[in-house]
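Quick notes on the structure that follows.
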Amino acid sequence: PVDRLPEIQEARLRLPVLAEEQVIMEAVRENSFVVLCGETGSGKTTQVPQFLYEAGYASGSGIIGVTEPRRVAAVSMSHRVAKEMNLSTRLVSYQIRYEGNVTSDTKIKFMTDGVLLKEIQKDFLLQRYSVIIIDEAHERSVYTDILIGLLSRIVPLRNKKGLPMKLIVMSATLRVEDFTENRKLFPVPPPVIKVEARQFPVSVHFNKRTPLDDYSGEVFQKTCKIHRMLPPGGILVFLTGQAEVHTVCRRLRRAFPYRRGHVANGEGEEAPADTSEEIRRFKKAKQKKTASLPRIDLDNYSALPVDEGDEDRQAGIDDEEGSDLELDDPPEDNEEKADPSLPLYVLPLYSLLSPEQQAKVFQPPPPGTRLCVVATNVAETSLTIPGIKYVVDCGRVKKRFYDRVTGVSSFMVNWTSQASANQRAGRAGRTEPGHCYRLYSSAVFGEFSLFSEAEITRRPVEDLVLQMKDLNIDKVVNFPFPTPPSAEALVAAEQLLVSLGALEEPPRSGRVKEMEQARLSCPISPLGRAMASFPVSPRYAKMLALGKQQDCLPYVIAVVAAMTVREIFEDLDRPAANEDESSKLAQRRARLAQMRRLWAGQGASLLLGDLMVLLGAVGACEFAGCTPKFCEENGLRYKAMLEIRRLRGQLTNAVNSVCPEVGVFVDCKMAPPTESQVVCLRQIVLAGLGDHLARRVQQEELLDPKWRNGYKTPLLDEPVYIHPSSALFKTLPQFVVYQEVLETTKMYMKGVSAVEPEWVP
Ligand code: ADP
Ligand code: MG
């Protein structure tokens, strides 16, 4: 029996999902698989685990597991459910990649989908669980898709063993055909239960014109206007990333300052009537709650591109920019004049914000102020903020993109989908009729894709294939993906993994057809198992796995960390605003060029090329204590260097847990590698980047002058070049490996290091 507080009980009764408790629980009893659809805010995440608990799904040996694609949801939902059930966090707990509060008494466990995938690697039948809820399935994150595929097989196995298990897939949209109509996944279509949410009408206002670059300025202006002219009600602003969120927060706070303890004169706003009850409810728990919340450890930054929500992956980059920077910033030109008579209570919201900060959005704003939450995509479906009446939507989203030619992946801000834009608009109509301001024209909206594509179709899959092979799923092609990746992507992944030695070679004999088959079902090798445990993509994992030789590990870790962080040098080639700046830039360029020569070393170490420069830069920066001053003086991006530092720590831990006997540690006074270590490092780099080998064009091949000083690669018909800023520009070794090819004025190789001709296979 659950002993809920009366006010909690009262609030629960108002959630649409509560009316469906009987229907849901009956469906779960009768079926192994159930799909539940309901608008954001209808109570799926907070209530369904409670239904299951009360129906006894956690009273035997098994517990209730809930997966979330985002860490922020796993942490905050576990706290919310514990509170609603009046149970301790020993019983209702969470686990995200590196931290959690799970105990042996835990009955309901919220976790990220990556965590559950790792658990499947340890116990394929997931015997600790009696039921798994896959939440936010509409987000179609790679891990969500894979988990659903795996569980479609695990659940029948459990049933056969007489240890029955249930799977509930929850989605905020009705678009679930990829799960329900996929016979390979579920031979018998699972029942779909729809929860009708109470949704008030939302008037959608389009912009006449669409700002193409300064949309965050437009967001700011629109928010100011709403706050000045429209009746009370919270404002929710959608932007794409942490940096933008902070900038807009700062500008809004400056325009409508709110001082703690200072109540606005005259027309102080009352909270809207509909939410006053909620406000009372929230007030009671307020302070006590926030104090006990754990902090998400920013040191646990993951380099793995397949972890949690996209914005997480640029973790930590902007965290140092807290809200208190606002005092030092010079006012910008088109800034609103500060108006303290209209205080706005501005809160940021994004995945890696500390839980204390996140929890603030659920509490009522101070009396006399209006709540304004400036959020990333995380507020689209994962979290429901009470009292929102206005939504300001920039119409964009930040996602990782992958370039098939160069193999480069990058974060890009792009238009969102119509489905997402409508989800965002819906946030305005939870408590009363609302308004959504779209900062783009209706014509532009018409051009949006209808739905966001499943993540799995948008990126290379070698890391995923390796993870699956680590689960002993050898025939990845036959895996019941809700949406399969392309056959080419799977073949390319398998080939790369075989060449890295992560998978066993396919047999060379037999018929063509059989060979084709074998080529796509290579089992994982012991090396592959070690690689699968490192949180970097397989090429870099291979380097880490080889790092033990000649005490090279600390160097390999530092180089891999530096290679996986983009743009560690400042862009000093940018156009200058005036002559003064121009001469300063020239000075700094000269300084950076000098430092690069210094970091590249001499003699043998020079042949490690650009990677030696990275290693030298990391070493020198750490030696100097990784200060903003050092970075500024030497042309390094401070934020990149911080990120490298975090990654080094993380990779060091990962390596130690695979081979504890080496006992590596992060040494901030790391001596430069010896000559023989440099040779060893070059071989390790070649082993990881072997498919990125380039050969310098010979004199006799120079039919076309464009091949002068050019390099030939297996994949490209055109020559690629060593960039003038590269440490190897003057050397032009016969063979090199490169990290990636970037096309600017020419096709330039980045991250080049020299390969001895006799090493070339
Ligand atoms: P769904 O999963 O269907 O989107 P939720 O179960 O997340 O819905 O939310 C149901 C209700 O609980 C929402 O109205 C939301 O405002 C409220 N709620 C969720 N988390 C919290 C919290 N930490 N504090 C206060 N209210 C919350
Ligand atoms: Mg939810």
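The values are calculated or read from the model by the stated rules, or taken from the named source; none is laboratory data. This structure is a prediction, so every number in the text was calculated from the model and none was measured. With ideal geometry, Cβ positions are generated from the backbone for all residues, glycine too; neighbour counts draw on all protein chains shown.
Summary of computed values
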{"item": "Enumeration of residues in segment 204-229 that are in contact with a strand residue (DSSP E or B) (Cβ under 7 Å, 6 or more places away or on another chain) and modelled with pLDDT of 95 or more", "result": "VAL204, HIS205, PHE206, VAL219, LYS222, THR223, ILE226, HIS227"}
{"item": "Single condition THR376 does not satisfy, out of (1) in contact (Cβ under 8 Å) with a residue 40 or more places away in the chain; (2) farther than 15 Å from LEU239 by Cα", "result": "(2)"}
{"item": "Residue match in segment 660-683 (condition: without any contact (Cβ under 8 Å) to a residue 12 or more places away in the chain and surrounded by 17 or more Cβ atoms within 10 Å (Cβ to Cβ))", "result": "no"}
{"item": "Flag if VAL66 is surrounded by 24 or more Cβ atoms within 10 Å (Cβ to Cβ) and more than 10 Å from ligand 1 (Cβ to nearest atom)", "result": "yes"}
{"item": "Candidates LEU167, LEU157, filtered to the one that is more than 16 Å from ligand 1 (Cβ to nearest atom) and out of contact with any helix residue (DSSP H, G or I) (no Cβ under 8 Å at 6 or more places or on another chain)", "result": "LEU157"}
{"item": "LYS118 being farther than 20 Å from VAL195 by Cβ, in contact (Cβ under 8 Å) with a residue 12 or more places away in the chain, charged (D, E, K, R) and away from ligand 1 (no atom under 13 Å from the Cβ)", "result": "no"}
{"item": "Test: residue in segment 472-486 that is surrounded by fewer than 17 Cβ atoms within 10 Å (Cβ to Cβ), small (Gly, Ala, Ser) and over 22 Å from GLU139 (Cα atoms)", "result": "no"}
{"item": "All helices (runs of 4 or more DSSP H) inside segment 548-627 with 1 or more residues being loosely packed, with under 14 Cβ neighbours inside 10 Å and over 32 Å from the mean Cα position of the chain (by Cα)", "result": "579-600"}
{"item": "Where a residue in segment 621-636 is over 14 Å from ARG596 (Cα atoms) and its partner, wherever it lies, is of a type in the set (Val, Ile, Thr) and part of a helix (DSSP H, G or I), with Cβ under 8 Å and at least six apart", "result": "none"}
{"item": "Criterion: touching a helix residue (DSSP H, G or I) at 6+ places or on another chain (Cβ under 6 Å) and outside any loop (DSSP other than H, G, I, E, B) - qualifying residue of ARG695, ARG648", "result": "ARG648"}
{"item": "Of residues in segment 352-397 being of a type in the set (S, T, N, Q) and surrounded by fewer than 23 Cβ atoms within 10 Å (Cβ to Cβ), the one nearest to ligand 1 (Cβ to nearest atom)", "result": "THR384"}
{"item": "Pair list, Cβ under 9 Å, 6 or more apart: segment 17-34 residue in contact (Cβ under 8 Å) with a residue 40 or more places away in the chain and closer than 21 Å to PRO164 by Cβ, other residue aromatic (Phe, Trp, Tyr) and surrounded by fewer than 16 Cβ atoms within 10 Å (Cβ to Cβ)", "result": "none"}
{"item": "LEU52 being in contact with a helix residue (DSSP H, G or I) (Cβ under 8 Å, 6 or more places away or on another chain), of a type outside the set (Asp, Glu), closer than 26 Å to VAL188 by Cβ and within 16 Å of ligand 1 (Cβ to nearest atom)", "result": "yes"}
{"item": "Tabulated pairs, segment 357-370, first of a type in the set (Val, Ile, Thr) and part of a helix (DSSP H, G or I), second within 16 Å of ligand 2 (Cβ to nearest atom) and modelled with pLDDT under 95, C-beta under 7 angstrom, 6+ apart or interchain", "result": "VAL361/LEU349; VAL361/ILE385"}
{"item": "Residue match in segment 719-740 (condition: in contact with an Asp or Glu (Cβ under 7 Å, 6 or more places away or on another chain), more than 21 Å from SER605 (Cα to Cα) and free of Cβ contacts under 8 Å to residues at least 60 places away in the same chain)", "result": "no"}
{"item": "Residue list for segment 133-170, filter: within 16 Å of ligand 2 (Cβ to nearest atom) and closer than 18 Å to ILE473 by Cα", "result": "THR144"}
{"item": "Close pairs from segment 462-478: first of a type outside the set (A, V, I, L, M), partner in a loop (DSSP other than H, G, I, E, B) and surrounded by fewer than 19 Cβ atoms within 10 Å (Cβ to Cβ), Cβ under 6 Å, at least 6 apart", "result": "ASP474/SER521; ASP474/PRO523; LYS475/SER521"}
{"item": "Complete set of residues in segment 373-402 that are acidic (Asp, Glu) and within 16 Å of ligand 2 (Cβ to nearest atom)", "result": "GLU380"}
{"item": "Members of segment 528-576 that are at pLDDT 90 or above and of a type in the set (Lys, Arg)", "result": "ARG529, ARG539, LYS542"}
